[in-house]
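The values are calculated or read from the model by the stated rules, or taken from the named source; none is laboratory data. Predicted model, so just to flag it, every value in this text is computed and none were measured. Methodologically, a virtual Cβ is constructed for each residue, glycine included, from the backbone with ideal geometry; neighbour enumeration extends over all protein chains shown.
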Amino acid sequence: MKSIHISTKVNGDAMEFVCAPDESLLDVLRNRLGLTGAKEGCGTGDCGACSVTLNGRLVCACLVLGAEVDGAEIGTVEGIATDGVLHPLQQAFIDHAALQCGICTPGILVAAKSLLDRNPDPTDTELRYWLAGNLCRCTGYDKIIAAVQDAAQKMRAA
Amino acid sequence: MVAVTLWGSLRVFTNGRASVEIEARNFKELLDGLVAAYPGLRPQIERGVSMALNGRIYKEAWFTEIRPDSEVVLMPYMQGG
Amino acid sequence: MRYLRPNTAAEAAQSLADEPGVTRVLAGGTDVLVQLKAGMVEPDLIVDIKHIDGIRSITAEAGGFRIGAAVAGAELGAHAGVKALWPGVVEAFELIGSTQVQGRCTMAGNLCNGSPAADSVPALVAAGAVARIVGPKGTRDVPVRDIPTGPGKLSLTKGEIITSILLPARPPRSGDAYLRFIPRTEMDIAVASAGVSLTLDAAGKITAAAVALGAVAPTVRLVEAASAAIIGTKLDDAALSNLMQAASAACSPIDDKRGTIAFRTQVAGVLAKRAALIAYSRAGGSK
Amino acid sequence: MMDTGHKRIFKVVGTRPPRPDGIDKVTGRAQYGADVSAPGMLTGRILRSPHAHAEIVSIDTSAAEALPGVKAVVTSKDFVFQDDDFFRDVQENCMATAKALYDGHAVAAVAAVSPEVAKAALKLIKVTYKQLPHVTDVDLAMRPDAPVVQDGRSLETVPAGMSANVTHHSEFGHGDLASGFAKADVIVERSFTTAATHQGYIEPHACLAAMNADGRADLWCCTQGQYNVRTLCAALLGLEASQLRVTASEIGGGFGGKTTVFIEPVALALSRKSGKPVKIVMTRDEVFKATGPTVTSSIDVKIGMTRDGRITAGEAHLRYSGGAFPSGTVDMGGQAAFAAYDLAAVRTFGWNALTNRPKEAAYRAPGAPQAIYAVESVIDELCQNLNLDPLDTRLKNAAKKGTLSSYGPTFDDIGLIATLEAAKKHPHYTAPLAAGVGRGLSAGFWFNFGGNTCVTMNINTDGTVSVTEGNPDIGGSRASISMMAAEELGVPYDKIRTIIADTASLGHNDVTDGSRVTFAVGLATIKAAQDAIAKMCARAAKLWGIDAEAVEWVDGAAVPAGPNAGKFPPMSLAEIAAVSFQTGGPIAGHHEFHADGAGVSFGVHLCDVAVDRETGATKVLRYTVFQDAGRAVHPAYVEGQMQGGAVQGIGWALNEEYIYGADGRLQNAGFLDYRVPVASDLPPIDTVILEIPNPGHPYGVRGVGETPIVPPLAALSNAVSRAVGVRMQSLPMSPPRILAAVMAHDAKV
């Protein structure tokens, strides 16, 4: 298999890599770019632990080929905090005990941020459906919903 | 002597008795006494048992003191999640 | 394996036709990458069609809309015009997968995956949608209902790709709806589904109807008897009961991990009834 | 006695400080099993049986070994033969020897320079199988003519003449059943089944092993117990414990499923053979097929009740299968089944049978949810038959201090009645029910464990404290341990950092199981703090020139114990620490022990559901959890355990199940068709924490992690049964099952 050379932007930084044509963006991020924040929980788009944004759209990195992202902009959990300051969502997850084991947390933060970027004031139902593709096995989701709503409220007030 | 309550499926090794009396001052002596008096209990005791002493469960603790008036119940060794 | 990213449909079709090995067309990738991961397929060539000119656009055409083959669910869901004309098709498309999958999945991909349980297909069939196909020998238009021929099987020939799907214009007082049954509220494959499209006269009587069922037969089934059961009625209880019976009678499902024959047969009838009621209301009918 | 703490005013315990692992987890920096790499690392992959049951006639690895880039291939021959049944079962489960016992059973493994080469190498391994008849259903496996999964595994307690698949038999209880049932006005007898479910942790098992030719090895893995991993791997590979250092990664969920080994010994064997570090990461498909789901069960329950709601006798027959290897989980089911009730006559009979399924692993309160589901369902039906309030009926029969429990011992202080009363008083219980909505409730119980535990606490010269414990943090324990250290030492929470040691850095700790960590590690932390305090008091005494006995510790400082001791201002921990080098050297407290006295825990769950009678779909409308936590050290994390456990139980009740085809192969080895609850499936999960202190812990702490998965099964089943007017007897209550029950019922009416 001939490797492909790709130029892309991850969290605003220009990056280049080579990858096999059938290599997923998730494998590229984790194994070639050292960004292990996105997790592989299933590899089939059923758990959301690898959620990232691709040109502003929320996607599962396991369902994107590395070869597809030439010229694209990718956002991962590593890019959510700026200059060492936590994003309100990140702070709210800590404050509300919205994470336990934390393996789903990066994906949920990327997904929740993607929603709040579009809809700063979602209902609980909208939030629950938006996050339906992000499995969490520890929390029962209750505190996740509370944390996102609290962050949304703080972001609206800011 | 200490009266020890056994769980039901062990009674085939104690002539059908649900409770047996053993001379013991601690868990270790109790287990040794049980095996000596009822050799059929040996495999289960070697696999592991817990002891409830006055309602509190001990998983190992050979030298836990047992008094003659203590409530002593033998239980399977448990594992959790 | 090779990865190609052609800029024209003709180029894509030619490279697919020229490849002697296994090929896969990549649009949203939400099925293809799962197949790769599971080792179900090891393609020699993957053709990414997303960079074909015009393939990501939605354009008005003859009173309807032409949906490019690489338009993602989230993009169609944001299109007010299509949503107003064919709400059932849009809601069917939007039911596919999670928010993450919606960012990538396409109707053409959903159709070409060949699953009898594909969500968008019953709605497209009920809508009378037509796929535009480009192949090495040129372009042809084929009704969506004629594309799947069995589980995983299509009427497309080697080298052919779907480049767009046309949702036709429709008469006034028309409505459509799609419902599916899944065990959870999200993230499942349809166990049974129904798409209904209908048109009313000024008095609220149904003059035309199409009822398509999913996940209850090897391909999506357009049920003439179900349409007949409601044409000429105002969806009174007797018509609904006949519709349910006709829909259930048209089912020939399988028992599998997702549902039983009895369950699918029963629920397909229930969904046809409920979808008909929504479509009727959307067409302006009142009960 | 340890009861002095109960009335104390807590300063840190009971507050909700941020977790120390929080920032790492929200920024993506936390390192889980699959997140580390080593220079020169190889990729390990495992070849698995496609058959439910097959003799392994031969394995030819020569073609794989010849493939460029393949550095090692291992089979069962690469492990040390184990005499002991327990170790041999672990080893056989990691790598099959003579037979493949289930779909997905490992038969060989490779290490190669890349995932692609490893994948290609697997295809080159030629395994010749001779397929054997299989059995995956527990009732069928118990038939005398059933295919035998493993012969010669029956314990001495199993009566002769049964199928060789029956490995365990146990009986618990007391009193005379016949006379108990004779006193009943109504007797209900029902049979139930529950499907196998999986813990469903989102992080697949992953490890990185590096082993040298001299037998020295390092292993990084996601586990609930690094010491147990060391014990098992050392045995399977013939290593000395001191030479194998195991480091627990951050763990992405366990719930009991990461209390044993699957890939770790394989990675070590590959590393030993190749001389290079080897990383193995399971795919999700492998997790479902080849790690440890729960038992499946088939249960008969018979309960007699008087007209006024007193239970006169209870009897249960429990048939569990823990898969292809012997399992004693049914013992715990039999002990727990009737534990919530004060009964004069009670008896449970348990059986475990081998089936061609993966070896069961623990899952939150193993064995209890199934048994209690069956018992609580029958109690609910009796309440319906006799028109009794289900809460009052449970209160009338509830176990309390002094009750002879159904599993033998007499209960000490327990919180069941308080928990039931809290549920009765709660607005949820009296909220009006809409038409078609059913309300269900269930009690639940779990034992909770203690176990072997070590803690070291270093007093740093700048007045901060480093705590080292040995249990992976699966529920916020680094926070709760730091809180207990802060409480006992009298210093602020943020002066303490708790880390989890590798196996070389601290003595043995049992696995994180049985809801033991906050109890047992907490207790060790308190004792280690007391040890450090004694040393600090001695230093202060030296500085003051008085006897050590004349110094006591108050609010984080040494003070003279009374007017006779002399008049000195308090000397803080920081002040003592600052001069520790000059007063005798570094100061550390430590404690190593086997913790006993974990208090049992009870919970009561209440739920409202609406069922669509035309499709069998269930919607959970409202859910409230009531549980005795003894003492909630960090209440938000206690709530999190209650909510998470409840939702796992809801999944078990409604949709989660292992589905096997007629060929004995697993049909739904993925999150698409193994349906764990998603956010949109659920309402808020309300929680009410009760605090009935555990007399066995100075702060009153009880384990809280497992009990919450127990009640949801019956709470949901009772709610659904009441909503549709049909008694459900099988889990999960998937829509096809509910619809079939409703249609059968409607056809009769």
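Answer yes or no as to whether D:T197 is surrounded by 24 or more Cβ atoms within 10 Å (Cβ to Cβ) and part of a loop (DSSP other than H, G, I, E, B).
yes
Regarding D:V633, is this residue within 14 Å of chain A (Cβ to nearest Cβ), farther than 30 Å from D:T461 by Cβ and surrounded by 24 or more Cβ atoms within 10 Å (Cβ to Cβ)?
Criteria not met by D:V633.
How many residues are surrounded by 14 or more Cβ atoms within 10 Å (Cβ to Cβ), within 12 Å of chain D (Cβ to nearest Cβ) and touching an Asp or Glu at 6+ places or on another chain (Cβ under 8 Å) if we restrict to region B:29-48?
Within region B:29-48, residues that are surrounded by 14 or more Cβ atoms within 10 Å (Cβ to Cβ), within 12 Å of chain D (Cβ to nearest Cβ) and touching an Asp or Glu at 6+ places or on another chain (Cβ under 8 Å) number 2.
Okay, residues lined up against (1) under 13 Å from D:T193 (Cα atoms); (2) away from chain A (no Cβ under 14 Å); (3) out of contact with any Cys (no Cβ under 7 Å at 6 or more places or on another chain):
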site: D:D285; (1), (2), (3): no, no, yes
site: D:I303; (1), (2), (3): no, yes, yes
site: D:D308; (1), (2), (3): no, yes, yes
site: D:H317; (1), (2), (3): yes, yes, yes
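I'd like to check something: does region A:11-23 contain any residue that is within 12 Å of chain D (Cβ to nearest Cβ) and more than 20 Å from C:L36 (Cα to Cα)?
Yes, because at least one residue in region A:11-23 is within 12 Å of chain D (Cβ to nearest Cβ) and more than 20 Å from C:L36 (Cα to Cα).
Looking at D:E171, D:E203, can you tell me which residue is in a strand (DSSP E or B) and among the acidic types (D, E)?
Testing whether each residue is in a strand (DSSP E or B) and among the acidic types (D, E) leaves just D:E171.
Looking at region D:213-236 only, could you name the residues that are surrounded by 24 or more Cβ atoms within 10 Å (Cβ to Cβ) and over 16 Å from D:P472 (Cα atoms)?
Result: D:C233, D:L236.
Is it the case that region D:321-329 has a residue that's part of a strand (DSSP E or B) and crowded, with 24+ Cβ neighbours inside 10 Å?
Yes, the conditions are met somewhere in region D:321-329.
Name the residue, out of D:A98, D:A160, D:A146, D:A108, that is more than 27 Å from the chain's Cα centre (by Cα), within 17 Å of D:P358 (Cα to Cα) and surrounded by fewer than 24 Cβ atoms within 10 Å (Cβ to Cβ).
Going through D:A98, D:A160, D:A146, D:A108 in turn, just one is more than 27 Å from the chain's Cα centre (by Cα), within 17 Å of D:P358 (Cα to Cα) and surrounded by fewer than 24 Cβ atoms within 10 Å (Cβ to Cβ): D:A98.
Yes/no per residue for (1) modelled with pLDDT of 95 or more; (2) farther than 28 Å from D:T75 by Cβ; (3) in contact with a Ser or Thr (Cβ under 8 Å, 6 or more places away or on another chain):
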site	(1), (2), (3)
D:R153	yes, no, yes
D:A178	yes, yes, no
D:G200	yes, yes, no
D:C207	yes, no, no
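For every residue, the table says whether it meets (1) modelled with pLDDT under 95; (2) of a type outside the set (V, I, T); (3) assigned to a loop (DSSP other than H, G, I, E, B).
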position: C:A190; (1), (2), (3): no, yes, yes
position: C:V196; (1), (2), (3): no, no, no
position: C:T207; (1), (2), (3): no, no, no
position: C:V211; (1), (2), (3): no, no, no
position: C:A229; (1), (2), (3): no, yes, no
position: C:G232; (1), (2), (3): no, yes, yes
position: C:A239; (1), (2), (3): no, yes, no
position: C:N242; (1), (2), (3): no, yes, no
position: C:A247; (1), (2), (3): no, yes, no
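For D:G22, indicate whether it is in contact with a Gly (Cβ under 6 Å, 6 or more places away or on another chain), crowded, with 17+ Cβ neighbours inside 10 Å, within 13 Å of chain A (Cβ to nearest Cβ) and more than 24 Å from D:K273 (Cβ to Cβ).
Criteria not met by D:G22.
Of the residues that make up region D:665-687, is at least one in contact (Cβ under 8 Å) with a residue 12 or more places away in the chain, among the aromatic types (F, W, Y) and within 11 Å of chain A (Cβ to nearest Cβ)?
Yes, region D:665-687 contains at least one residue that is in contact (Cβ under 8 Å) with a residue 12 or more places away in the chain, among the aromatic types (F, W, Y) and within 11 Å of chain A (Cβ to nearest Cβ).
Only one of these is outside the structural domain of C:L111 (by TED's automatic domain parsing) and within 28 Å of D:G670 (Cα to Cα): C:D31, C:D48. Name it.
Just one listed residue meets the conditions, C:D48.
Out of curiosity, is D:V127 aliphatic (A, V, I, L, M) and within 14 Å of chain A (Cβ to nearest Cβ)?
So D:V127 fails the test.
When D:E189 is evaluated against the numbered criteria (1) charged (D, E, K, R); (2) over 30 Å from D:V676 (Cβ atoms); (3) not in a strand (DSSP E or B), which criterion, by number, is the only one it fails?
(3)
Residue under question is D:A336, and the condition is that it be away from every other protein chain (no Cβ under 14 Å), over 26 Å from D:G152 (Cα atoms), hydrophobic (A, V, I, L, M, F, W, C) and under 22 Å from the mean Cα position of the chain (by Cα); does it hold?
No.
Restricting attention to region A:55-67, which residues are surrounded by 22 or more Cβ atoms within 10 Å (Cβ to Cβ) and more than 18 Å from C:M187 (Cα to Cα)?
Of everything in region A:55-67, those that are surrounded by 22 or more Cβ atoms within 10 Å (Cβ to Cβ) and more than 18 Å from C:M187 (Cα to Cα) turn out to be A:V64, A:L65, A:G66, A:A67.
How about region C:59-126: which helices (runs of 4 or more DSSP H) wholly inside it have at least 1 residues that are more than 14 Å from chain A (Cβ to nearest Cβ)?
C:80-85, C:87-94, C:107-112
Within the bounds of region D:70-93, is there any residue that is among the small types (G, A, S), within 28 Å of the chain's Cα centre (by Cα) and over 30 Å from D:P492 (Cα atoms)?
There is no residue in region D:70-93 that is among the small types (G, A, S), within 28 Å of the chain's Cα centre (by Cα) and over 30 Å from D:P492 (Cα atoms).
Given the residues C:I261, C:I206, C:I231, which is the only one that is in contact with a Ser or Thr (Cβ under 9 Å, 6 or more places away or on another chain), free of Cβ contacts under 8 Å to residues at least 12 places away in the same chain and not hydroxyl-bearing (S, T, Y)?
Only one candidate passes the filter, namely C:I261.
Looking only at region D:553-593, count how many residues are on the phi > 0 side of the Ramachandran plot and in contact with a Ser or Thr (Cβ under 8 Å, 6 or more places away or on another chain).
Summing the residues that are on the phi > 0 side of the Ramachandran plot and in contact with a Ser or Thr (Cβ under 8 Å, 6 or more places away or on another chain) in region D:553-593 gives 1.
crowded, with 24+ Cβ neighbours inside 10 Å, touching a residue at least 12 places away in the same chain (Cβ under 8 Å), more than 14 Å from chain B (Cβ to nearest Cβ) and not in a loop (DSSP other than H, G, I, E, B), is that true of D:L268?
It is true that D:L268 is crowded, with 24+ Cβ neighbours inside 10 Å, touching a residue at least 12 places away in the same chain (Cβ under 8 Å), more than 14 Å from chain B (Cβ to nearest Cβ) and not in a loop (DSSP other than H, G, I, E, B).
Could you list, in sequence order, the residues of region D:52-64 that are within 13 Å of D:L122 (Cα to Cα), touching a residue at least 24 places away in the same chain (Cβ under 8 Å) and not in a strand (DSSP E or B)?
Residues satisfying the conditions are D:T61, D:A63, D:A64.
Residue by residue through region C:246-281, note down the ones that are away from every other protein chain (no Cβ under 14 Å) and surrounded by fewer than 18 Cβ atoms within 10 Å (Cβ to Cβ).
The answer is C:A249, C:S252, C:S281.
For region A:142-158, indicate whether the set of residues that are surrounded by fewer than 24 Cβ atoms within 10 Å (Cβ to Cβ), at the interface with chain C (Cβ under 10 Å from one of its Cβ atoms) and either under 15 Å from the mean Cα position of the chain (by Cα) or assigned to a helix (DSSP H, G or I) (or both) is non-empty.
Checking region A:142-158: not a single residue is surrounded by fewer than 24 Cβ atoms within 10 Å (Cβ to Cβ), at the interface with chain C (Cβ under 10 Å from one of its Cβ atoms) and either under 15 Å from the mean Cα position of the chain (by Cα) or assigned to a helix (DSSP H, G or I) (or both).
Please enumerate the residues belonging to region D:449-504 that are within 21 Å of D:A30 (Cα to Cα), aliphatic (A, V, I, L, M), away from chain B (no Cβ under 14 Å) and assigned to a loop (DSSP other than H, G, I, E, B).
D:A501, the sole residue that qualifies.
So how many residues does region B:49-77 have that are under 20 Å from D:P695 (Cβ atoms), part of a loop (DSSP other than H, G, I, E, B) and facing chain D (nearest Cβ under 8 Å)?
6
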